[in-house]
1. Go through the range 141-157 residue by residue and turn each phi into a ³J(HN,Hα) via Karplus (6.51, -1.76, 1.60, θ = phi - 60°); whole Hz please, and just put x for glycine and proline.
2. Looking only at Cα atoms, what is the convex hull volume of the range 162-273 per residue, in Å³?
3. With the crude spin-label approximation of a point 7 Å out along Cα→Cβ, what separation in nm comes out for Glu52 versus Asp221?
4. Mind ranking 21-29, 228-236, 131-139 by how tightly packed they are, going by the mean number of other C-beta atoms within 10 angstrom, highest first?
5. For a Förster distance of 22 Å, can you work out the FRET efficiency between the beta-carbons of Lys177 and Lys74, rounded to the nearest 0.05?
6. On a straight-distance basis, which aspartates and glutamates could pair with Lys98 in a cross-link, Cα separation under 19 angstrom, same-chain partners fewer than 8 positions away excluded?
7. Which of rounded, prolate or oblate describes the range 30-161 when judged by the alpha-carbon gyration tensor and an a/c cut-off of 1.5?
8. Check cross-link reach from Lys129 to the aspartates and glutamates: straight Cα distance under 16 Å, and skip same-chain residues fewer than eight apart.
Amino acid sequence: MKKFILGFLVCFTVLYAAEQQLKTFRFDGFEVIAVKDADTSMRHGLFRSLPEAEFRRMAGGDAAAASVNTFLLKMDGKYILADTGNGGTKGSMLKNLKKAGVAPEQIEAVLLTHMHGDHIGGLVDESGKAVFPRAKLYISVPECDYWRRQAAAGKAEIAGKVFQSYKGRIETFEFGKEIIPGIKTHDGSGHTPGHTVFEVGPLLIIGDLLHAAAIQIPRPDICASYDMDVENAVKARKRFYDFAASRDKTAAGMHLPYPGTGKISRDGQGKYSYTPLK
């Protein structure tokens, strides 16, 4: 009996853990699977403009809850991936895609919010070979131009590998374009020069618009040290918080606590709050 109970508990634990890596949300006409790439948290050192005591109060401790997320869209029978996580030994995106029954060969497009390593690392394997052999990459013009320059200067190794391994399959776009039927692009620059927010019907894929929900939802004026252009990063946060709240959009964020999807609301005094989807 003890062996049976132990076996049951192990099986339950494995199934529960797998469930925590994949969660499906259904919208009108398409599905989104939130695919966890890695656990993480955000510490005060990333938010130096906020006094440490205030950070600890808002975060509820030494660190604010966060995650590294990617999102798999199933639209019209096609699989489209938004960002790809860390890759290598840090990332679980590929393993979790396989748990969802999706092979790399089935991915037809990858939407890149920006080209930091924890968003493009999963595009290439350890040898630098493309992980998704059929996928086109969609990158905004300013983001692509910036990282090509960085790669040419030897300052962006992963980006360089991505440009090489996906040569001939990189589609650049100007903001405001519908790049795939049903997928619109918006200028979310600030975090990086060409950071993109993707609008898919009622869903807004907001990338790294924020890093710590407990801090930056109520205080959009607070930037993480990763934000390259602080002024525009703050403007973008406020703009898309208002957009999501006023149009009842569901936000999907790459560092929102897993499953990384929820509603951003604004009260009569202009204060923002976040409610995760269950």
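1. 4, x, 5, 4, 4, 4, 6, 5, 5, 4, 5, 5, 8, x, 10, 8, 4
2. Per residue, the Cα convex hull of the range 162-273 comes to 117 Å³.
3. For Glu52 paired with Asp221, the spin-label model returns 2.3 nm.
4. Order by mean packing, descending: 131-139, 228-236, 21-29.
5. Once rounded, the FRET efficiency stands at 0.50.
6. Partners within reach: Glu19, Glu31, Asp37, Asp39, Asp83, Glu108, Asp125, Glu126.
7. Because a/c hits 1.5 or more and a/b fails to exceed b/c, the range 30-161 counts as oblate.
8. Glu105, Glu157
The values are calculated or read from the model by the stated rules, or taken from the named source; none is laboratory data. Because the structure is predicted, anything quoted here is derived from the model rather than measured. Cβ coordinates were reconstructed from backbone atoms using ideal geometry, including for glycine residues, and neighbour counts include every protein chain displayed. When the accessible area is computed, the model is the full protein with side chains, heavy atoms only, and any ligands, DNA or RNA have been set aside. Shrake-Rupley method; radii C 1.70, N 1.55, O 1.52, S 1.80 Å.
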